[in-house]
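Working notes for the structure below.
The values are calculated or read from the model by the stated rules, or taken from the named source; none is laboratory data. Being a predicted model, the structure only gives us computed values, none of them experimental. Positions of Cβ are generated from backbone atoms using ideal geometry, with glycine treated the same way; all protein chains shown enter the neighbour counts. Remember, those area values only see protein heavy atoms, side chains included, never the ligands or the DNA or RNA. Shrake-Rupley method; radii C 1.70, N 1.55, O 1.52, S 1.80 Å.
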Amino acid sequence: MGSRTKREREKICFCFPGQIQERPHLPAHHAFYGDGLAHEIYEETLRVSEFDILKFSFQKGVWEPYFNIKLQLSSYVISLIHYYRLQREGIFPHVIAEHSMGIYAALVASGSIDFREGLLITRDIGLLMEKQARKTGGSMCLVLGLGMDQIERIQDQLDGYRISIANYNGSRNFVLSGLKEGIDMVISLSLDMGAIAAHGLTFSVPLHSDLMEPVRAEILGLVDGIVVREPKVPIFNHMTLSFLKKGDIKAFLAEEVCRPVFWEGCVRELVGRGVTSFIEVGYDATLCKLIRWIDREIKTTAPGDPSSMGKLRFDEVS
Amino acid sequence: MAGVTEELILQLKKLIIERLKLEEVSPEDIGTDDPLFGEGLGLDSIDALELVLGLEKEYGVIIPDAEVGQKVFQSVRTIAQYVVDNSGAG
């Protein structure tokens with residue numbers, strides 16, 4: 001009586017990453033292949049979205065039509081396969097966080113929308129982005145190793161290119177959005193200023209910036225007809241540092257593409273609210289690495305990084 | 001000028017494991033001359049940033065930019081050589 005397991009004392013946050021940046025590679029021995037659940041999800045994805053995401057994972061080559069949509073659908077599908085597998089193992093979240101386009105899988109995991117709706121939203125917002133890319137000509141890049149003051153200096157130098165911070169990932173880790181020419185200059189200036197890495201991302205739109213304002217109304221129109229339920233697992237809003245309610249969700253989906261991802265603040269707030277462990281539910285361990293930078297003491301694991309999964313064992317304690 | 005010692009190599013392998021929280025990796029698993037990025041230990045630029053900070057804290061050596069970083073982070077041995085050349089440790 002009165003004994004609690006370590007698992008009971010844990011407060012677990014499942015975090016859903018955004019779009020992967022390269023074609024997923026699922027090696028021959030990958031756990032998904034022997035898993036009927038994974039096959040069902042890939043088949044359902046093909047039926048509903050008309051994109052063959054499993055085949056996409058095997059093809060070679062860097063680019064093909066609808067490349068970003070396929071990356072986004074791959075991210076969504078892989079996250080949810082991992083999520084259902086974790087559920088099957090009896091591992092459930094107390095709270096959910098999401099980074100960028102990870103919102104769609106996060107909403108499914110929270111019970112707010114169903115898998116099919118999430119899939120259609122992911123595909124249709126992706127198609128909208130492709131259309132917007134042809135109009136805006138924007139771009140995004142990652143800059144590692146420079147502090148906020150240096151990023152601001154770069155922004156000042158490139159006045160007119162509408163450069164803004166799209167992801168606040170950590171004290172020396174930023175993603176920037178802006179007009180394409182400007183982003184090319186951001187990369188060059190960052191390297192000149194001593195960045196450890198600065199490179200473009202696959203996105204052909206300036207996500208998480210006010211350059212996306214023209215699509216806000218279209219996204220609202222797109223999600224207007226979907227059925228949204230109250231989240232069964234609380235899902236954290238990185239912009240307001242509060243939990244999303246059913247009534248906020250449609251507006252959030254439109255808002256998020258026009259505003260930055262405040263990932264560092266989100267992690268710090270969740271740790272402050274008692275989260276003891278983050279499980280990244282996605283292709284690899286990118287968010288775990290960001291969390292490692294933000295808080296070295298917090299436990300992180302990722303089913304996409306099988307070497308970290310040993311940490312998911314929770315021993316009985318009295 | 002002091003050369004690279006086995007002791008420094010071991011310290012650096014431990015630093016990599018500790019900074020990157022590679023809890024299931026031991027120093028013996030990391031080949032001294034193996035590539036650290038891509039096909040080797042599979043590190044990425046976010047890991048590189050952690051190592052930059054770790055080297056600065058532990059040895060006081062600065063990796064000033066990406067160009068130097070690419071040369072230094074080829075393998076544990078190249079990191080060790082950079083530490084020796086820039087801090088006198090070893």
So, in Å, what gap is there between the alpha-carbon centers of the stretch A:236-275 and the stretch A:95-120? 13 Å
Rounded, prolate or oblate: which fits the stretch A:153-311, taking a ≥ b ≥ c as square roots of the Cα gyration tensor eigenvalues, rounded meaning a/c under 1.5, else prolate when a/b beats b/c? oblate
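Just checking the output field for B:44-57: average partner chain Cβ neighbours within 10 Å of each residue's Cβ?
Values: counts 6, 10, 14, 2, 4, 10, 5, 1, 4, 4, 0, 0, 0, 0.
Mean shielding by partner chains, rounded to a whole number: 4.
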Taking Cα atoms, the helix A:249-258 axis meets the longest principal axis of chain A at an angle in degrees (rounded to 10) of 40 degrees
Degrees separating the helix A:180-192 axis from the principal Cα axis of chain A, which is the longest one: 80 degrees
Bin by bin, in steps of 10 Å, what percent of the Cα pairs in the stretch A:138-200 do you find, going until the bin that has the longest distance? 27, 65, 8
As a test of the definition: with a 1.4 Å probe, what buried accessible area, both sides summed, do you compute for B against A, in Å² to the nearest 100? 1800 Å²
Ratio of Rg to Rh over chain B (Cα coordinates, Kirkwood Rh, two decimals): 0.92
If I compute solvent accessible area with a 1.4 Å probe over the protein chains, what percent of it on the stretch A:138-200 is carbon and sulfur? 47 percent
Where nothing but the Cβ of Lys and Arg (+1) and of Asp and Glu (-1) is charged, how large is the charge dipole of chain A around its Cα centre, in debye to the nearest 20? 640 debye
Among the chymotrypsin sites (Phe, Trp or Tyr not before Pro) in the stretch A:53-103, which ones are in a DSSP loop with at most 10 other Cβ atoms within 10 Å of the Cβ? Mind listing them? A:W63
Using the scaling law 2.2 N^0.38 Å as the reference, what is the normalised Cα Rg of chain A? 0.98
To the nearest Å, what is the center-to-center distance of the stretch B:43-63 and the stretch A:200-233, using C-alpha atoms only? 36 Å
Pick out which of B:V72, B:V25, B:V52 has the largest mean-square fluctuation in a Gaussian network model of chain B, springs linking Cα atoms closer than 10 Å. B:V25
Which FRET efficiency, nearest 0.05, do A:R88 and A:S171 yield, Cβ-Cβ r, R0 30 Å? 0.20
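Report in % the part of the accessible area of the stretch B:6-87 that belongs to carbon and sulfur, leaving out ligands and nucleic acids; probe 1.4 Å.
That share works out to 47 percent.
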Compare A:H94, A:H208 by solvent-accessible area with a 1.4 Å probe and give them largest first, with all protein chains kept in place. A:H94, A:H208
With +1 at each Lys and Arg Cβ and -1 at each Asp and Glu Cβ, the charge dipole magnitude of chain B around its Cα centre, to the nearest 20 debye, comes out at 260 debye
Are there DSSP H segments in chain B that both extend 18 Å or more along their axis (alpha-carbon positions) and score a mean Kyte-Doolittle hydropathy of at least -0.5? List them, or say none. B:6-19, B:45-59
Mind putting a number on the dipole of the stretch A:44-160 about its Cα centre? Charges go on the C-beta only, +1 for Lys and Arg and -1 for Asp and Glu, and I need it in Debye to the nearest 20. 440 debye
Proximal charge balance of A:D210 [Cβ under 9 Å; K/R count +1, D/E count -1]: +1
Comparing A:T122, A:T202, A:T300, which has the greatest mean-square fluctuation in the GNM of chain A with Cα pairs linked when under 10 Å apart? A:T202
Among bridges DSSP assigns within chain A, what percent are antiparallel (round to 5)? 60 percent
The pairs in A:K131/A:K245; A:K11/B:K13; A:K131/A:K180; A:K232/B:K21 lying past 21 Å Cα-Cα in this model are A:K131/A:K245; A:K11/B:K13; A:K232/B:K21
Once you order the gyration tensor axes a ≥ b ≥ c over the Cα atoms, which shape class does the stretch A:1-145 get: rounded for a/c under 1.5, otherwise prolate or oblate by comparing a/b with b/c? prolate
Tell me which of A:C266, B:G38, B:T5 sits at the most positive position along the dipole axis of the protein assembly as shown, charges placed on C-beta atoms (Lys, Arg +1; Asp, Glu -1). A:C266
